[in-house]
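The values are calculated or read from the model by the stated rules, or taken from the named source; none is laboratory data. All values reported here derive from a predicted model rather than from experimental measurement. Here the Cβ positions follow ideal geometry from the backbone for every residue, glycine too, while neighbour counts run over all protein chains shown.
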Amino acid sequence: MSVKANIALLILLLLTGSLYSQVLEEDIRMEGDSIQKTQKIDVLSPSRAAFYSAILPGLGQAYNGKYWKIPIVYGAIGTGLYFVKWNADELDRYETAYKQRLAGQEDEFDGEDGNPYISTDGLVRAQNQYKKNRDLSMFITLGLYALNIIEAIVNTLLVVVLSKLWGVWALVAGAIGGALAVLTGNLVPRGAVI
């Protein structure tokens, strides 16, 4: 292999080596007669996920280990970009026809016998409509890009917070389940096999 290929491979390996989901390291300590379990949480995980998603959409989802979300991110942003380009092309088409008509040249919307398919006023309205649609498509695409970053942050935060509060969630779920059993009368007698 050439030197450039080796350098590219080394850079790729170094970059992908740090792309792992946030890991909760457990530390088990023995103090006296009791065992205590502590968790070390990487507090920079949300920042890393946001940075990765900002650099390349979907990379924050890969960092979180949610690979199935990557096609959704690219589908959403790609659809937005498609509509930005389509509206920009249509705007250019109507602007060109309008300029040709003002210069006294034939345009693509000229009909037979000097009767145009679209009037000059219609060309102006079409330009305004496609300009609005292009700008709206840009705004929506930027919103989807921001949503990609926000989703990566929220997903990382939920993993960190829920992993810390898992014991509390189990107690809440048990209490809700017990309350529902009392309210509905679906109590299981002691010793009953379910």
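Being modelled with pLDDT of 90 or more and assigned to a helix (DSSP H, G or I) is the filter here; which residues of the range 102-119 pass it?
102
Take the range 88-121 and flag every residue that is within 22 Å of residue 137 (Cβ to Cβ) and of a type outside the set (A, V, I, L, M, F, W, C).
Across the range 88-121, the qualifying residues are 89, 90, 92, 93, 94, 95, 96, 98.
Looking at (1) touching a residue at least 24 places away in the same chain (Cβ under 8 Å); (2) out of contact with any Gly (no Cβ under 6 Å at 6 or more places or on another chain); (3) not aromatic (Phe, Trp, Tyr), which is the only condition residue 93 fails?
Only one criterion is unmet by residue 93, namely (1).
Among 84, 73, which is modelled with pLDDT of 90 or more, under 15 Å from the mean Cα position of the chain (by Cα) and in a helix (DSSP H, G or I)?
Checking each option against the conditions leaves just 73.
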